[in-house]
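The values are calculated or read from the model by the stated rules, or taken from the named source; none is laboratory data. Predicted, not measured: the structure shown is a model, and the values here were computed from it. Neighbour counts are summed over all protein chains in view; Cβ atoms, including those assigned to glycine, are modelled from backbone coordinates with ideal geometry.
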Amino acid sequence: MTQERAARRDQAVRAAVEQGLVGAREPVVCLLDVAGIRACAERLTAAFAAVTRGPVLHAFAVKATPLVPVLRLLAAEGLGCEVASPGELALARAAGVGPDRTVLDSPAKTAAELREALALGIAVNADNPQELERIDGLVRSAPTRSPIGFRVNPQIGGGSIGAMSTATGTSKFGVALRDPGAREWVVRAYAERPWLTRIHAHTGSQGMPLELMARGVREVYELAEEINAAVGHRRIDTVDIGGGLPVDFGSDEGDPGFDAYARLLRDAVPGLFDGRYGLVTEFGRSLLAKQGTVLARVEYAKSAGERPIAVTHAGVQIATRTVFAPGSWPLRILPYDASGRPRDAGPLVVQDVAGPACFAGDLVAQARELPLLAQGDLVALPDTGAYFFTSHFSYNTLPRPAVHGYAADEETRDMRFVTLRDAQTLAELVAESGGAHARALDGFGRGAARPHTP
């Protein structure tokens, strides 16, 4: 599978050059492997179907790849959506994902967001006691068919990336179960609310050991059992275990490992898989990361301090985490020549690969051994299908690049492309930067105040 994916990527790079998707006029483009997305979704559903007797909803974390065509493709493969903002909910609805396959998570839901979700019948996971009180009032005023859960933090510790660790002692998410009186409060909250039927925990993302993730799931399962025993019947019927399966960014060999993780959970928490509970998962990065590639042209090749530097159009705007935290988010660099063929021969030279932004740290690779890159060559950043080019950073008002899906024609085996997101135009950049209000400050603050025009 990994060799097939790499071969498809090489074919797509070459075809992107031949078909003019990347070049002097379009110096950066983003590509998604459609066959890879489908195959990964199939592996996820099969892995959990093999270990559990209960119903499972795999709700894709929209934040990972917020592209409507991708959400629609995943929905066709049986997945739902986990959303954490009004914008993500709008994307899920635009993709045709039904309320019964949508889960709303966020630590800062407004009353309006909650009211909309409960009116639509979307599953909601409350984050804190104040939010639960807000839901109390909404449920009293208007009955809802929404499944409602509560997020807890088992406080089991963090992984190797602190910013991705959501089950530490001071995480901002959920109710911290080991704080004094917190566990008892959670049990009472369920006993007092017949409509509170789910429980949710997400222990961390990239950098979390699988054993620690499994421990977090076990602690939440044990809490569900405690609550059901205290109530006297099965009040909690569904456990939302979040996502967070880490991705190997170091090679093409690492697949997400859904099978191994599902078996680990079954062995660690057998009662969760015996059919008494429904399951919700919220995987994102592990489904899409390895299906995406950024392809950028080397605009200039220069040197400083005798170190070669390849200046490209792929930098902080599409690889934000790598630029600001390269130790936690390293990316491979795959070199291609100007025709889109892999450059896998020749001596290796220590060099930097830089992006276009106007600050010195805009580097996607530093002191990396690669064939010496020349002007007009191409560099590919693989494993970027989640949280990279899909989460654009607008530094220097750099436009969002186009995103194309690719797949081989079933008959000719030629590579075909379909646009998933258009490249952002300069007119669109001006519009979102207040272009319609260009004269708003003309004379403002001098003399009599002008009426405000929204």
Give just the number: which of (1) modelled with pLDDT of 95 or more; (2) under 20 Å from the mean Cα position of the chain (by Cα) does Val247 not satisfy? (1)
Residues in the range 299-313: is at least one aliphatic (A, V, I, L, M) and within 19 Å of the chain's Cα centre (by Cα)? no
All helices (runs of 4 or more DSSP H) inside the range 1-79 with 3 or more residues being over 27 Å from Ala260 (Cα atoms), modelled with pLDDT under 95 and touching a Lys or Arg at 6+ places or on another chain (Cβ under 6 Å): none
Do you know which residues across the range 137-191 are part of a loop (DSSP other than H, G, I, E, B), at pLDDT 90 or above and not hydrophobic (A, V, I, L, M, F, W, C)? Pro143, Thr144, Arg145, Ser146, Pro147, Pro180, Gly181
When the residues of the range 246-279 are narrowed to those that are among the aliphatic types (A, V, I, L, M) and not in a loop (DSSP other than H, G, I, E, B), which ends up nearest to Ile148 (Cα to Cα)? Leu279
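Just for strands (runs of 3 or more DSSP E) wholly inside the range 342-431: which have at least 3 residues that are touching an Asp or Glu at 6+ places or on another chain (Cβ under 7 Å)?
348-354, 363-371
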Any idea which of Ala61, Ala50, Ala46, Ala35 is surrounded by 22 or more Cβ atoms within 10 Å (Cβ to Cβ) and either assigned by TED's automatic domain parsing to the domain that holds Ala123 or farther than 14 Å from Arg101 by Cα (or both)? Ala61
What strands (runs of 3 or more DSSP E) lie completely within the range 282-341 and have 1 or more residues being touching a Gly at 6+ places or on another chain (Cβ under 6 Å) and either crowded, with 19+ Cβ neighbours inside 10 Å or in contact (Cβ under 8 Å) with a residue 24 or more places away in the chain (or both)? 292-304
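So which residues in the range 80-136 are in a strand (DSSP E or B), of a type outside the set (A, V, I, L, M), free of Cβ contacts under 8 Å to residues at least 60 places away in the same chain and in contact with a Ser or Thr (Cβ under 9 Å, 6 or more places away or on another chain)?
Result: Gly80, Cys81.
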Scanning the range 98-142 for residues that are farther than 24 Å from Leu79 by Cβ, among the hydroxyl-bearing types (Ser, Thr, Tyr) and buried (at least 17 other Cβ atoms within 10 Å of the Cβ) gives none
If you go through the range 206-245, how many residues are in contact (Cβ under 8 Å) with a residue 40 or more places away in the chain, not in a helix (DSSP H, G or I) and not hydroxyl-bearing (Ser, Thr, Tyr)? 15
